[in-house]
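Have a look at the structure below before the remarks.
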Amino acid sequence: MILRLGKFHRLKGPGLFFIIPIVETIAQVVDMRIRATDFSSESTLTKDTVPVNVDAICFWMAWDAKKAVLEVQDFYQAIILSAQTALRDIIGTHELADMLTHRGELGRRLREILDEKTNPWGITVQSVEIRDIIIPKDLEAAMSKQAQAERERQARIILGTAETEIAEKFAQAAKQYEHHPGAMHLRGMNMLFEGLKEKGSMIIVPSSALETMNLGAMGGLAALSQVRMEKDKQEPQTPVVP
């Protein structure tokens, strides 16, 4: 932008141009590209009185160089200060949980506030992005413990639900076995076979269950047969001489 005798005269774009010495001066060169400015708010209290440090980035551009230079003394510094003030106001009206889970909404609200303020300066704010939200270390540890306790609670609820469903299935199976004693007997035989087929396994079964399913004699015969087979394997075989 070129001033003549201290007053606005004309705007000149990029390239070669001439000015009248002493009479005309170049007031300021304005970059019309999109620019990124980082800003932060240090130790600002949220709505639930939690001190946080928030770092953000503002993307903006000057669409009217005349307004950007004449309407405000230093538009770059004005944008930084306005962004910091708006960020502090936003933090004070939101709780910590909302800030952590709705960063996008927070950035959009900041963009609307900044754009409304900077638009009369010939500057528009494209977007505002929340880069980081820093909370105190002791609060971070407390939130971690709370999240862990919540996960354990959910795990216990799921386990209790599974136990309830299993109990219901067992109750249905018991009704089937009650009216079909043969099925109960076959089930007991299958359980005993599955337990004894593994080498070196041991099964402890209540005597009442053995009497109910008539598995006492069968279990003893199976165990005796297994012991006899192991003993035969350990004894050396005597060769037969014709």
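The values are calculated or read from the model by the stated rules, or taken from the named source; none is laboratory data. Bear in mind that the values here come from a model prediction, so they are computed numbers and not experimental data. Neighbour counts are summed over all protein chains in view; Cβ atoms, including those assigned to glycine, are modelled from backbone coordinates with ideal geometry.
What's the number of the condition residue 140 fails, among (1) at pLDDT 80 or above; (2) under 18 Å from the mean Cα position of the chain (by Cα)?
Single failed check for residue 140: (1).
Cβ-Cβ below 6 Å, separation at least six or inter-chain, first residue in the range 69-84 and under 14 Å from residue 120 (Cβ atoms), second surrounded by 14 or more Cβ atoms within 10 Å (Cβ to Cβ) and of a type in the set (Val, Ile, Thr): which pairs?
As it stands, the answer is 78/72, since those pairs meet every condition given.
Hydrophobic (A, V, I, L, M, F, W, C), under 17 Å from residue 53 (Cβ atoms), outside any strand (DSSP E or B) and touching a strand residue (DSSP E or B) at 6+ places or on another chain (Cβ under 6 Å), is that true of residue 106?
Taking the combined requirement at face value, the residue satisfies it.
So in the range 41-81, with the set limited to residues that are part of a helix (DSSP H, G or I) and of a type in the set (Phe, Trp, Tyr), which one is farthest from the chain's Cα centre (by Cα)?
75
Please state which one of 116, 140, 152 is without any contact (Cβ under 8 Å) to a residue 40 or more places away in the chain, within 18 Å of residue 55 (Cα to Cα) and part of a helix (DSSP H, G or I).
140
Quickly run through the range 23-40 and pick out the residues that are modelled with pLDDT under 75, farther than 21 Å from residue 81 by Cβ and part of a loop (DSSP other than H, G, I, E, B).
23, 27, 29, listed by residue number.
Do we have residue 200 as exposed (fewer than 10 other Cβ atoms within 10 Å of the Cβ), modelled with pLDDT under 75 and outside any helix (DSSP H, G or I) here?
yes
Going by what's in this entry, would residue 112 be described as loosely packed, with under 15 Cβ neighbours inside 10 Å and modelled with pLDDT under 80?
No.
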